[in-house]
Amino acid sequence: MGIKKLHSVVAVLAIAGLSVFAWWWQKQPVSTPAASAKAGGAPSGGPGAGGPVSVEAGRVQTMSMADEAQAVGTLRARQSVTLKPEISGRVVKLGFGDGQGVRRGQLLVQLDDALQAAQLQQAEAQAAIARTQLARNRELLAQSFVSPSVVDQAEATLKVAEAQVALAKAQLERLQVRAPFDGVAGIRQVNLGDYVKDGSELVSLEDASSMWVDFRLPERFVPRLRLGQAVAVTLDALPGREFEAQIEALDAQLDTNGRSMLVRARLKGDTAALRTGLFARVKVVFALREQALVVPEEALVPQGGKQFVIKLVPAGEGKPGLMSERIEARLGVRVPGKVELLEGVKAGDLVVTAGQARLMRGGPQAVKLVDLDKPAAPKAAASAASR
């Protein structure tokens, strides 16, 4: 009996609740799309179609910019060589000290030449005998005691003997390693008594009276390179110092792998502290622009192989706010974080740096400026600096 009463109470309460909800629903006003638009609302899919687009912007500025190319390179001495023996032998004499200056023709390494010296003496003795025999035969020919053919044979014998002398001298000289030019010897790789094979490294020799820097530039710079062009060189090993240099040579062909050209420039001034192999940063300046119109790099919008910029202009006579104007960007010099525009803007103009995506579709649109001259994000700045 109690359970039946409980069921009855629940049913009555449910009916009462449904009745109250139906009454409340009928009292709600009907919302129409027109009313929503009039009230300034927006469809549930996104922002209102007629509302301004929120953007960030930066000003067009004037600044001095260098039209330049940057590269990395390596220092080279005017002349540099690693001395190696032409034949094998035992080291019997060293004629230099580590890091010592040497003169052209100075004996640096002497290999054992006892056998070759004996061969030279033998050849010289044979030549002396042949020379004496030729003189005697000429005297006999003058007295008609021998025929001319005997003299001819004696002359040929002398020539053979003299050739043997020249050969012995050449073999003897190949056992002597001499400095091919004035320079500074490196640290020797051999000691007295060492047996070295032909082609073994003995010591390096460098003429550091002048220094060069070798670097590569992309093929797009090749038409602008000239002999005598000024180059600025900095070295990580000597921070705070900048060396002037001058282009001395351009390679005859481009590297087909990297599509770049090898360039060599000679450093000016005191280069005594420099060494071959130092890492160098090179800057080739083609021109200077004193009043370049520049915008933040974030203002560029690539589309269809071109670059565009969204400029902000007044909405018009009697209308408040700003409107967008899309212009194709003709770019000039680029530096990390900044890019030069050659036309379409003037100093003080506003260009959109964030929020360009919606403004690239259709014609001019109303915009709402939410931030002006906001510094570039660290990630963007790092990306720009790496290009």
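The values are calculated or read from the model by the stated rules, or taken from the named source; none is laboratory data. What you see is a predicted model, and the numbers here were worked out from it, not measured in a lab. Because the Cβ atoms are built from the backbone with ideal geometry, glycine has one as well, and the counts that use them run over all protein chains shown.
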field: Residues (over 18 Å from Val295 (Cα atoms) and part of a strand (DSSP E or B)) located in region 49-67
entry: Val53, Ser54
- line: Those residues of region 282-321 that are more than 19 Å from Lys368 (Cα to Cα), free of Cβ contacts under 8 Å to residues at least 24 places away in the same chain and not basic (Lys, Arg) come to a total of 3
query: Out of Ala154, Ala166, Ala117, which single residue is modelled with pLDDT of 95 or more, touching a helix residue (DSSP H, G or I) at 6+ places or on another chain (Cβ under 9 Å) and not assigned by the TED database to the domain that holds Ser210?
result: Ala166
Region 348-371 residues that are over 16 Å from Phe308 (Cα atoms), paired with ones that are polar (S, T, N, Q) and surrounded by fewer than 19 Cβ atoms within 10 Å (Cβ to Cβ) (beta carbon under 7 Å, 6 or more apart): Lys368/Ser54; Val370/Ser54
statement: Within region 119-153, of all residues that are of a type in the set (A, V, I, L, M, F, W, C), in contact with a Leu (Cβ under 9 Å, 6 or more places away or on another chain) and more than 25 Å from Ala170 (Cβ to Cβ), the one surrounded by the most Cβ atoms within 10 Å (Cβ to Cβ) is Val151
task: Please go through region 77-86 and pick out each residue that is within 17 Å of Glu206 (Cβ to Cβ) and surrounded by fewer than 18 Cβ atoms within 10 Å (Cβ to Cβ).
output: Arg78, Gln79, Ser80, Val81, Thr82, Lys84
statement: When restricted to Gly58, Gly89, the only residue assigned by the TED database to the domain that holds Ala347 and either surrounded by 16 or more Cβ atoms within 10 Å (Cβ to Cβ) or closer than 30 Å to Ala117 by Cα (or both) is Gly58
query: Does region 193-214 hold any residues that are of a type in the set (A, V, I, L, M) and over 10 Å from Val109 (Cβ atoms), and which are they?
result: Leu205, Ala208, Met211, Val213
- line: If we ask which residues in region 175-199 are surrounded by fewer than 16 Cβ atoms within 10 Å (Cβ to Cβ) and among the small types (Gly, Ala, Ser), their number turns out to be 2
field: Count of region 103-118 residues which are part of a strand (DSSP E or B) and touching a Leu at 6+ places or on another chain (Cβ under 8 Å)
entry: 4
- prompt: Inside region 262-366, counting only strands (runs of 3 or more DSSP E) that do not spill past its ends, which hold 3 or more residues that are of a type outside the set (A, V, I, L, M), in contact with an Asp or Glu (Cβ under 9 Å, 6 or more places away or on another chain) and at negative phi?
  reply: 279-296, 306-314
message: If a residue counts only when it is closer than 14 Å to Val282 by Cα and under 37 Å from the mean Cα position of the chain (by Cα), which strands (runs of 3 or more DSSP E) contained entirely in region 160-251 have at least 1 such residues?
response: 203-218, 230-235, 238-250
message: within 30 Å of Gln176 (Cα to Cα), assigned by the TED database to the domain that holds Val92 and of a type in the set (Val, Ile, Thr): is that true of Val160 in this structure?
response: yes
message: Taking the criterion of being under 30 Å from Arg76 (Cα atoms) and under 27 Å from the mean Cα position of the chain (by Cα), would at least one residue in region 288-297 satisfy it?
response: yes
- prompt: So is Gln133 assigned to a helix (DSSP H, G or I), on the phi < 0 side of the Ramachandran plot and assigned by the TED database to the domain that holds Gly186 or not?
  reply: yes
